[in-house]
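Colleague: Quick one: this structure, given as structure tokens, is what I'll be asking you about.
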Amino acid sequence: MSLDEPNTDAYTRGKALSERVNPGMEDALQARYDALVPGMARTVVDVAYGQFYARGVVDEKTRLLATVAALAALGGQTRPQLKVNIASARAVGASREEVCEIIFQMALYGGLPSMINAMNAALEVFETEETSA
């Protein structure tokens, strides 16, 4: 699904993509945050998934690995989002080796502590995959 597909709005594209790579995300966001910011979950699906992640040009795996790289370089404060995006990258075909290599590369930009923290987040995602299998 890409931004260029006619007759689909961003929310519809985003919902389809988010359910494929992170099932139940919108419902979880809505349950947690709707009392504070009504509509926030829908906005995340519409904007992040429908207007950014669902664009064509770059395939989903590459786009999610780029996201993992950015979050790894930003450091520890992004750990929850990093874990979600590592799992999403895995869901669209990224191997463990690809995820770890991308994170390792980010030591040049975010420093060794950020890389180590991101690698630990990846290990947690991989452990969850193993226990869920």
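The values are calculated or read from the model by the stated rules, or taken from the named source; none is laboratory data. No experiment lies behind these values; they were computed from the predicted model shown. Positions of Cβ are backbone-derived with ideal geometry, glycine not excepted, and every protein chain shown enters the neighbour counts.
Colleague: Do you know which residues across region 17-34 are crowded, with 16+ Cβ neighbours inside 10 Å and aliphatic (A, V, I, L, M)?
Modeller: 17, 21, 25, 29
Colleague: Determine which member of the set 101, 19 is free of Cβ contacts under 8 Å to residues at least 12 places away in the same chain, among the acidic types (Asp, Glu) and not assigned by TED's automatic domain parsing to the domain that holds residue 126.
Modeller: None of the other options fit; the residue is 19.
Colleague: Any idea how many residues of region 101-119 are touching a helix residue (DSSP H, G or I) at 6+ places or on another chain (Cβ under 6 Å), within 30 Å of residue 16 (Cβ to Cβ) and of a type outside the set (A, V, I, L, M)?
Modeller: Count: 0.
Colleague: Would you mind listing the helices (runs of 4 or more DSSP H) fully within region 43-133 where at least 3 residues are surrounded by 14 or more Cβ atoms within 10 Å (Cβ to Cβ)?
Modeller: The qualifying helices (runs of 4 or more DSSP H) are 60-74, 79-91, 96-105, 112-132.
Colleague: Next up: For region 91-109, name all the residues that are over 12 Å from residue 65 (Cα atoms) and of a type in the set (A, V, I, L, M).
Modeller: Of everything in region 91-109, those that are over 12 Å from residue 65 (Cα atoms) and of a type in the set (A, V, I, L, M) turn out to be 107, 108.
Colleague: Quick one: is residue 47 β-branched (Val, Ile, Thr), in the same structural domain as residue 119 (by TED's automatic domain parsing) and in contact (Cβ under 8 Å) with a residue 12 or more places away in the chain?
Modeller: Considered against the rule, which asks whether it is β-branched (Val, Ile, Thr), in the same structural domain as residue 119 (by TED's automatic domain parsing) and in contact (Cβ under 8 Å) with a residue 12 or more places away in the chain, residue 47 comes out as no.
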